[in-house]
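Take a look at the structure set out below.
Here, each number is a calculation from the coordinates, and none is a lab measurement. These numbers were taken from a predicted model, which means no experiment stands behind them. Cβ: placed from backbone, ideal geometry, glycine included. Neighbour counts: every protein chain shown.
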Amino acid sequence: MVIEIRGLTKRFGEDTVLDSVSLTVEEGKILGLVGRSGAGKSTLLRCINRLIPIDGGEVLVDRVNIASLSKPAIKELRRNIGMIFQSFSLLNRLTVYENIALPLKCWKYSKKHIRHKASELMEMVGIKGKANARPMELSGGQKQRVAIARALTMNPKILLCDEATSALDPQTANSILSLLCDINENLGITMVIVTHQMEVLTAVCGDMAILEKGKVTTAGKVKDIFMEKPPALRSLIGNRDIVELEDGVNIEIFLEQETFSYPVVSRLTRDLGIDCRIVGGDLINYRKTPIISLLINVPEKDVNRVTAFCRAGDVRWILRKMKASQSGGACNGI
């Protein structure tokens, strides 16, 4: 299902939490929502499945404006939208099997169907041997796997994840992210993931949007935004440590899988006779594929030769004309 958000506004009393937000999530894609606490991320998520009413604008799910739906229609809509919470939201009095089966029981499916579906989902998420365990007997990662299985019981077309990995240790979080990727690839489910963890964006999301004080200030492809580093992203991740120089021009070069073996710096110095000074570097793990970022400083008179050389080698680059401490500049070559 495609999600289209047009001029969405949400208020709590006199506070405007979402201010004319517009976004599109294409079918089968994963969108990451990121921003500081209080930016409106979780509120936006709850507007998509009408857990809270909408004050203005439109939220279209599969071309249907959910703001105008009746209560029975909203209930039917939620069959197609699963949701995963940071706190797992499991019922401690129920077993793993019973927690997963609960939505199916509420919709009065047959016992045979419930047994088959719950067993299928427990195997899919990797908790097949935990059917009779209680939530208190599970690790954090196992609890989240139960929550994911429960969210998939109704075969949803959309999966909403609210800080699904922030309560987990890094290794467990990575395993949950891999599971979400597998679910997206194998089932084609459209996902919206709210997070404050940059590694979640680069690990699973193809698209992202940054919310600031209820407004979308940046939106686009995760890969492009992390390369360009617009002000909205820099305000979240901060400025990296680099060597500041008084002269020359900083050029950021990106080596991806296709260009890992391309000896950019050595060829610039050896073949073109250009003095290159390395002032910074970084590594972006984008969807299990590393991207090496190398920030070099070259004499201003050689900038055009360097960028022409990068273009000829199909190497992405960004010209950073501002001082290193400001970490900004004009985007080129992407």
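Some observations on this one:
- Efficiency of FRET from Cβ geometry, residue 314 and residue 109, R₀ 41 Å, rounded to 0.05: 0.15
- Point-charge dipole on Cβ atoms (K/R +1, D/E -1) for the range 3-234, about Cα centre, debye to 20: 960 debye
- A dipole drawn for the range 148-249 from +1 and -1 charges on Cβ atoms has a positive end, and of 190, 180, 249 the residue lying farthest that way is 190.
- Sequence-separation-based contact order of the range 57-160, relative, with Cα cut under 8 Å and 6+ spacing, percent: 41 percent
- Within the chain, helix-based [θ] at 222 nm, where runs of 4 or more DSSP H residues each add -39,500 (n - 2.57), nearest 500: -9500 deg cm²/dmol
- Sparse-neighbour loop sites [trypsin sites (Lys or Arg not before Pro); the range 48-107; at most 14 other C-beta within 10 Å; DSSP]: 63, 79, 93
- Annotation for residue 94 and residue 275: the two label points, set 7 Å from Cα along the Cα-Cβ direction, are 7.0 nm apart.
- Counted by neighbouring Cβ atoms within 10 Å, the residues 153, 165, 307 run from fewest to most as 307, 153, 165.
- Residue among 206, 92, 232 farthest towards the positive dipole end of the chain, charges placed on Cβ: 92
- Percentage relative contact order, the chain, counting C-alpha pairs under 8 Å, at least six apart: 18 percent
- Of 10/112; 71/215; 143/229, pairs whose Cα-Cα distance is over 31 Å: 10/112; 143/229
- The range 2-93 - percent relative contact order, Cα under 8 Å, separation 6 or more: 30 percent
- Residue among 265, 61, 125 with the largest mean-square fluctuation in a Gaussian network model of the chain, springs linking Cα atoms under 10 Å: 265
- Range in the chain, longest, excluding exposed GluC sites (Glu not before Pro) [loop by DSSP; at most 16 other beta-carbon atoms within 10 Å]: 28-243
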